[in-house]
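Engineer: My questions all concern the structure below.
Derivation of every value follows stated rules applied to the coordinates shown; laboratory data play no part. Bear in mind that the values here come from a model prediction, so they are computed numbers and not experimental data. Cβ placement follows ideal geometry from the backbone for every residue including glycine, while neighbour counts extend to all protein chains displayed.
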Amino acid sequence: MANSKSAYSFAGKKQKPDTHIIVVWVDNEAGVLARVVGLFSGRGYNIESLAVAEVDQKQNISRITIVTTGTPQVVDQIKLQLKKLVPVHKVADFKREDKNVIFKEMALFKFVANNGKLNKAFEACKNFNPVILDKTNKSNVIQITALRREIDTMSKNLKKFGLVSVSRTGAVAMTRGSEIFK
Amino acid sequence: MPKLYSGAEIVFKCLEDQNVSHIFGYPGGAVLPIYDELKNFNSIKHILVRHEQGAGHAAEGYARSTGKPGVLLVTSGPGATNAVTALTDAYMDSVPLVCITGQVPTHLIGTDAFQECDTTGITRPCTKHNWLVKDINDLAEVMHKAFEVATTGRPGPVLVDIPKDIQFQKSKYKNYKKNKKLNGKSHDNYTQKNIDELINLISKAKKPIFYTGGGVINSGTKASELLRELVYTTGFPITSTLQGLGCFPADDNQFLGMLGMHGTYEANNAMYSCDLMINVGARFDDRITGKIDEFSPKSKKVHIDIDPSSINKNVKVDLAIVGDIKSVLTSTLKTFKKSKNNFSKSNKHQISNWWEQIQKWRSKRSLDYIGSEETIKPQYAIERLYELTKDKDTYITTEVGQHQMWAAQHYKFNKPNRWMTSGGLGTMGYGLPAAVGVQIAHPKKLVIDIAGEASVLMTMQEMSTAVQYNLPIKIFILNNEYMGMVRQWQELLHDKNYSESYTAALPDFVKMAEAYGCVGIRAKTPEELDDKIIEMLNTDRPVIFDCLVDKQENCFPMIPSGKPHNQMLLGPKDQKEKKITGKGRTLV
């Protein structure tokens, strides 16, 4: 690609994909999630995780948080294509490395083991705000909140303490400080 | 107490308030209440097609030739799925359509009822937006919003799915106030600074070119006028995409012809070598750019488009101006007049070398072909058709294939909205029903579908529609018995293995015309061609014109896929030297 000053200094193939968190505010109406998700699958974009719920009952607004990977050009297209959807009000986009944004994911772990192992399991979770939601003499359910890769590691490491089932949400995001998404 | 209307009545009241005069459709179980109401609304005329795809393309033809949205009305299940091709076609080519579909009653939705399908699910990726109306009180607002979404910003198709029970239920009707912005979406996002920057680039350019597209046509006839003014003021050369033909007069000296895969040598070389490219309402489609890594490597690129997602999608640009073409061109001309009053004089010198270069490319005469006295060359047929119809205000539709490219190359368009062709989706069978829609919108005008014999057979049944409504459309078939473009690619890429591209057992088109109750004409030799065309033009009824053309002719010039603009194939001699190899073979 010789002597290209303008158009191809930005060629898609040469760019490195980054992980982005895309937050979308939509009218909470039938089919809206299918529109957003269908846009991703139809255009070949990637979804790593997805979290969606209504956040404003009065105005009927849902907030969708999508973790995706893509080159800057792809991420730009994702945002612009999302903005074109009729029920979409606004779109925000953050890099995962962004220090000004909090990303959290929640996980529920079920352990079946003896008391000693169950205690060790709880101990191992202590950096991630563990809460015991259910307990019997041979099992318990622990809730933690953490980053995606921390939960990945935890699910691997906790196997030895009798982890039998994992349920986790997609990531949700919020800016730090008094700033809000615009 | 305000009057209550049934859902079916509300549908028509909305159409009336939207000034809809024609709808194209086909009845069926789930839309019967709407069809029953048709008799009470005299201002709306229903055109009965023979297949729902035909309804969609007819509505497209209507929309593209008038600038108004086209409306179609079809039933649930197969009615809706048959319309999907036309909706996708309209989506790709940015044509405003409102499709109303019937649906099974709400209590049967999800039970796999007779003629039930997930219409909104199926059409979600091929519409700008769609609605399933589950509450009669929402119907009026949804209908009006449908028209608003279809026509604002970058136009496109929308769909409203109405269950049968909703068509019977009653509600109040109120007209709808158009919002200033649809969910906060605005379409003019440019500033005066952008315009100043554009003018600065224009005044510095030594090798400029305008590259214009369908966006100019979609922005209205005024946009075409403004474009002409700007092109004349600057003295720059201009080329157009397939969809943009007609927004600048094709017989003007500043027009370089169409660009892209089958564009002219001068247009493509000018695109490759320019230092300033001003894209007005085009989208850097792959048929235009060729090999994207080597697309116009030395130019500054300006992109004017109403759709922000078109900017930097395929090609990174240096200056993006997001807005309606008409409004952007108005501001540009206004600023131009203020700051550079004598521009065209001072500029002439600056771009004179560029024009000299362009004349050299032009002298290659890339659209020339080898004539024949025995067989009708397809290019010759189009040339004669043009010469014999150019004094009339003619509307041309096409199918998809070689004939479409020859029509684009050899028929000269001087006005917008006169050229209806399926570019984005490339739908064979588009042209005949589109001609029906165009003729409905312009009953007194000459409407010709330039067709191929393979394409036209895909929607041939719509001849019956043309006969029913006395639509004197002319179906001008360039008959070479092959799917010509498929055969051309097989010749170039697959060692002449003409796998399944020859149509054996073609019907006799003249007899077929008679069977439909219209007129069939056949031309076999160049000698008789003119007389036969004149006979066609003098027939005030639908005509199927079977023009038997050279079976081996290929469409040139051509940029082979995987090659940049400056490596065109100019004709049969050229292609041996520039054989398509490697990666180019996998592209389409």
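Engineer: Classify region B:203-311 as rounded, prolate or oblate from the Cα gyration tensor: take a ≥ b ≥ c as the square roots of its eigenvalues, call it rounded if a/c is under 1.5, otherwise prolate when a/b beats b/c and oblate if not.
Structural biologist: Cα axes put region B:203-311 in the rounded bin.
Engineer: Turning to a different aspect of this structure: Of the cross-linked pairs B:145/B:193; B:45/B:445; B:204/B:313, which ones have a Cα-Cα span greater than 23 Å in the structure shown? Kindly include the intermediate steps, with their values, before the conclusion.
Structural biologist: Numbers: B:145/B:193 34 Å; B:45/B:445 19 Å; B:204/B:313 26 Å.
Pairs exceeding the cut-off: B:145/B:193; B:204/B:313.
Engineer: Quick one: Karplus J couplings for region A:150-157, per residue in order, coefficients 6.51, -1.76, 1.60, θ = phi - 60°, nearest Hz, x for Gly and Pro?
Structural biologist: Going residue by residue, I get 5, 5, 3, 5, 4, 4, 6, 6 Hz, with x marking Gly and Pro.
Engineer: Over region A:29-150, one equal point on each Cα, no solvent: what is log10 I(q)/I(0) by the Debye formula at q = 0.11, 0.13, 0.15 Å⁻¹?
Structural biologist: One equal scatterer on each Cα of region A:29-150 leads to -0.55, -0.71, -0.83.
Engineer: Still on this structure, please answer the following. Could you pull out every one of the aspartates and glutamates with an alpha carbon less than 16 Å from that of residue A:104, ignoring same-chain neighbours closer than 8 positions?
Structural biologist: A:48, A:93, A:150, A:152
Engineer: How well do other chains shield peptide B:283-296, expressed as the mean number of their Cβ atoms within 10 Å of each residue Cβ?
Structural biologist: Numbers: counts 0, 1, 0, 0, 0, 0, 1, 0, 0, 5, 7, 4, 3, 4.
Neighbouring Cβ atoms belonging to other protein chains average 2 per residue here.
Engineer: How many percent of Cα pairs in the protein assembly as shown exceed 33 Å?
Structural biologist: In whole percent, the long-distance tail amounts to 58.
Engineer: What average count of beta carbons from other chains do you get within 10 Å of the Cβ of residues in B:311-319?
Structural biologist: 4
Engineer: Run the reach check for residue B:412 against aspartates and glutamates, Cα to Cα strictly under 19 Å, same-chain hits fewer than 8 apart removed. What comes back?
Structural biologist: Result set, ordered by chain and number: B:225, B:251, B:252, B:266, B:368, B:383, B:387, B:391, B:393, B:399, B:449, B:530.
Engineer: While we're looking at this one, here's another question. Using the Karplus curve 6.51 cos²θ - 1.76 cosθ + 1.60 with θ = phi - 60°, work out ³J(HN,Hα) for each residue of region B:353-361 in order, rounded to whole Hz, and write x for Gly and Pro.
Structural biologist: 4, 4, 5, 4, 4, 4, 4, 4, 5
Engineer: Hey, another quick one. Under the classification rounded if a/c is under 1.5, otherwise prolate if a/b is larger than b/c and oblate if not, where does chain B fall, given a ≥ b ≥ c as square roots of the Cα gyration tensor eigenvalues?
Structural biologist: Taking the square roots of the gyration eigenvalues as a ≥ b ≥ c, chain B is oblate.
Engineer: List, largest first, the extents of the alpha carbons of region A:101-174 along their principal axes, each in whole Å.
Structural biologist: Extents along the principal axes, in whole Å: 39, 21, 19.
Engineer: So if I place +1 on the C-beta of Lys and Arg and -1 on the C-beta of Asp and Glu, and nothing else carries charge, what would the dipole magnitude of the protein assembly as shown be about its Cα centre? I want it in debye, nearest 20.
Structural biologist: Dipole magnitude for the protein assembly as shown comes out near 3620 debye.
Engineer: Hey, which of these cross-link pairs are over 32 Å Cα-Cα: A:95/B:134; B:68/B:172; A:79/B:177; B:68/B:338; B:300/B:348; B:222/B:551?
Structural biologist: Among A:95/B:134; B:68/B:172; A:79/B:177; B:68/B:338; B:300/B:348; B:222/B:551, the Cα-Cα distance tops 32 Å for A:95/B:134; B:68/B:338; B:222/B:551.
Engineer: Of B:95, B:40, B:8, whose Cα points farthest to the positive end of the dipole of region B:5-171 (charges on the beta-carbon: +1 Lys, Arg; -1 Asp, Glu; origin at the Cα centre)?
Structural biologist: Going by the charge dipole, the pick is B:95.
Engineer: Another question, then. Once every DSSP H run of n ≥ 4 in chain B is given -39500 (n - 2.57) and the sum is divided by its residues, what mean residue ellipticity at 222 nm do you get, rounded to the nearest 500 deg cm²/dmol? Present the calculation step by step, with values, prior to reporting the outcome.
Structural biologist: Numbers: 24 runs with 227 residues, N = 588.
Value at 222 nm, helices only: -11000 deg cm²/dmol.
Engineer: Need the C-alpha centroid separation for region B:100-160 versus region B:365-442, integer Å.
Structural biologist: If you average the Cα positions of each part, the centres end up 35 Å apart.
Engineer: Note down, for region B:378-548, the three equivalent ellipsoid semi-axes (square root of 5 times each alpha carbon gyration tensor eigenvalue), biggest first, whole angstrom.
Structural biologist: Values for region B:378-548, descending: 24, 18, 16 Å.
Engineer: Name the shape class, rounded, prolate or oblate, that the alpha-carbon gyration tensor gives for region B:139-247, where a ≥ b ≥ c are the square roots of its eigenvalues, rounded holds for a/c under 1.5, and otherwise prolate holds if a/b is larger than b/c and oblate otherwise. It would help to have the intermediate numbers written out before the result.
Structural biologist: On the way: a/c = 4.01, a/b = 2.51, b/c = 1.60.
Cα axes put region B:139-247 in the prolate bin.
Engineer: Taking R0 as 60 Å, what's the FRET efficiency between residue B:525 and residue B:346 from their Cβ-Cβ distance, rounded to 0.05?
Structural biologist: The calculated FRET efficiency here is 0.65.
Engineer: Moving to a separate point now. Share of antiparallel DSSP beta bridges in the protein assembly as shown, in percent to the nearest 5?
Structural biologist: Of all bridge pairs located within the protein assembly as shown, approximately 45 percent are antiparallel.
Engineer: Turning to a different aspect of this structure: What residues qualify as long-range amide H neighbours of residue B:565, i.e. H under 5 Å apart, gap of 5 or more or another chain, H built at 1.01 Å from N?
Structural biologist: B:291, B:296
Engineer: If you keep only loop residues by DSSP, which chymotrypsin sites (Phe, Trp or Tyr not before Pro) in region B:17-119 have at most 12 other Cβ atoms within 10 Å of their Cβ?
Structural biologist: Taking region B:17-119 and a limit of 12 other Cβ atoms within 10 Å, the loop chymotrypsin sites (Phe, Trp or Tyr not before Pro) found are B:114.
Engineer: Ignore the peptide's own chain and count Cβ atoms of other chains within 10 Å of each Cβ in A:87-98; give me the average, rounded. Before the final figure, lay out the partial values.
Structural biologist: On the way: counts 2, 3, 3, 2, 0, 0, 0, 0, 0, 0, 0, 0.
Going residue by residue through A:87-98 and averaging, the value is 1.
Engineer: Turning to a different aspect of this structure: Can you give me the Cα centroid spacing of region B:468-504 and region B:189-214 in angstrom?
Structural biologist: 41
Engineer: Now, a different point. Please work out the Cα center distance from region B:284-339 to region B:218-266, rounded to the nearest Å.
Structural biologist: 14
Engineer: Going by how many other Cβ atoms sit within 10 Å of their own, how do B:403, A:20 line up, fewest first?
Structural biologist: A:20, B:403
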